[in-house]
Amino acid sequence: MEGPLNRDHGFPALRSTGPTRRTAVGLILGIPLLGACAGSGGQVSSPFGPSPPEGPPGPQQQPLAVGTGNVKVGLILPLSAAGNAGVAAQSMKNAAEMALAEFQNPNIQLLIKDDGGNPQGAQQVTQEALGEGVEIILGPLFAGSVPATAQLARTRGVPVIAFSTDSSVAGRGVYLLSFLPESDVYRIVDYSASIGKRSFAALLPDNAYGNVVEAAFKQAVGRKGRIVAFEKYAADRSGAARTVAQSLGSADALLIADDGESVVATADALTAAGANLRNIQMLGTGLWDNPRVYASPVLQGGLYAAPDPSGFRTFSGRYRAKFGADPVRTATLAYDAVALVAALSKQQGSHRFGLETLTNPSGFAGIDGLFRFRSDGTNERGLAVMRIASGGPTPAAGSPKSFGA
């Protein structure tokens, strides 16, 4: 990273006269970006983040203003949504408040709004936030709610940093700060090519997650090698597993992208079809960060891409000390979003949330490592590569310290 280190705040200083295209903004406040080490301290447990709410929501939570700064920032979360969605939202709200408390003298007032986990709620609270003069909106969490917020925000020229993992809702002025499956695939294919793998096979679920991974896999392998086998499976994996197993003799790497239990079931189906998975490099995405995968004998030595786990472990310790509970895995997204707007409001003056600032190609350093926003609203993350072992993952390659061009 370029730029002089600001010793008071722990991130490289930027020129206050205007946005720079060359300097990365570090957002870790007194927490160094450590090298990857064993154990994740928290799994990315669902292919597309927290599940949309099921069942009746609770009563809508009242708006809350945190901080007394001059720069108003909207934070939209499904705080009253049913089930895990509401739990995730509360954890993200806590993380956002924690970021504000840990940042030194932020000129931010955070206006926290509850959208109930639905587009109608998102539209209502977005109108409220815009009426109160927010300069940027963080959230919503769910893909179905992002367009409702984006449509209103665009009419006012207010950028949105949403937390959805569905890249189809990204676009002009709407950026996604989330764990996108595409990033995992690009990283693991590129790393595999760097260690000599050229012939790739893939066995993917026939669902929305599998569709995203398929597109990224075909694009990434098209640059680095060739695809010798590709199949998708539904509830019954056996047919697809037999087809792939017959072609593995000409492949030197096999991607299975699914959640932990399904990865193990798919690997077992391949073994039952006669595949010797010890003779091929197994590859996965961040969903492999799961104890079931670590315990699978046939997946030992497999490689997957994921954020450097050390950042989340350190964050979790501070979160537990403050709130007496463990954070959800997506809590770091809310923390980094608030830390980002606090840093930019301090350093960039009137340019703080402009296109040039938010799409700085050098990116930003957050809890989960480097990230940067592309002009199309998607993001790129600097991911580590982890190797499966029975005691937990071990580092095969650390996360990058800077982005390439």
Q.
Using the Cα centre of the chain as origin and beta-carbon charges of +1 (Lys, Arg) and -1 (Asp, Glu), tell me which of A82, A170, T126 is placed farthest towards the positive end of the dipole.
A. A170
Q | Positive-end residue of V263, A331, S350, charge dipole of the range 233-358 with Cβ unit charges | A | S350
Q: Report, to the nearest 10°, how far helix 146-156 tilts away from the longest principal axis of the Cα atoms in the chain, using its own Cα long axis and a range of 0 to 90°.
A: 40
Q) Which of K322/K401; K93/K322; K224/K401; K93/K346; K93/K401 have a Cα-Cα distance over 25 Å? A) K322/K401; K93/K401
Q: Evaluate the relative contact order of the range 255-311 (contact order divided by residue number), counting alpha-carbon pairs under 8 angstrom at least 6 apart; express in whole percent.
A: 41
Q: Report, in debye and to the nearest 20, how large the dipole of the range 247-405 comes out about its Cα centre when Lys and Arg carry +1 and Asp and Glu carry -1 on their Cβ.
A: 620
**Q.** Contact order relative to length of the range 48-165, as percent, for alpha carbon pairs under 8 angstrom and 6 or more apart
**A.** 30
Q: Could you let me know the centre-to-centre spacing of the range 240-301 and the range 166-228, using Cα atoms, in angstrom?
A: 17
Q. In the chain, what % of DSSP beta bridges are antiparallel (nearest 5)?
A. 35
Q: Might you tell me the accessible area per residue for the chain, computed with a 1.4 Å probe and given in Å²?
A: 38
Q: Could you work out how far helix 331-347 tilts from the main Cα principal axis of the chain, as a 0 to 90 degree angle to the nearest 10?
A: 50
(Q) I'd like the distance separating the alpha-carbon centroids of the range 123-146 and the range 305-333, in whole Å. (A) 25
Q.
With unit charges on the beta carbons (Lys and Arg positive, Asp and Glu negative) and the dipole taken about the Cα centre of the chain, which residue among S310, A235, T285 sits farthest to the positive side?
A. S310
Q) On the accessible surface of the chain, probed at 1.4 Å, how many percent belong to carbon and sulfur atoms? A) 48
Q) Using a simple charge model, +1 on the beta-carbon of Lys and Arg, -1 on the beta-carbon of Asp and Glu, nothing else, what dipole does the chain show about its Cα centre, in debye to the nearest 20? A) 1000
(Q) Can you give the Rg/Rh ratio of the range 238-375, where Rg is from the C-alpha atoms and Rh is the Kirkwood radius? (A) 1.14
**Q.** Helix 309-323 vs. the chain, principal-axis angle (Cα, 0 to 90°, nearest 10)
**A.** 50
Q: Starting from the exponent 0.38 and prefactor 2.2 Å, build the expected Rg for the chain from its residue count and divide its actual Cα Rg by it.
A: 0.98
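The values are calculated or read from the model by the stated rules, or taken from the named source; none is laboratory data. Computed from a predicted structure; not experimentally measured. Glycine gets a Cβ as well: all are built from the backbone with ideal geometry, and neighbour counts include every protein chain shown. The accessibility values were calculated without ligands, DNA or RNA, using every heavy atom of the protein model including side chains. Shrake-Rupley method; radii C 1.70, N 1.55, O 1.52, S 1.80 Å.
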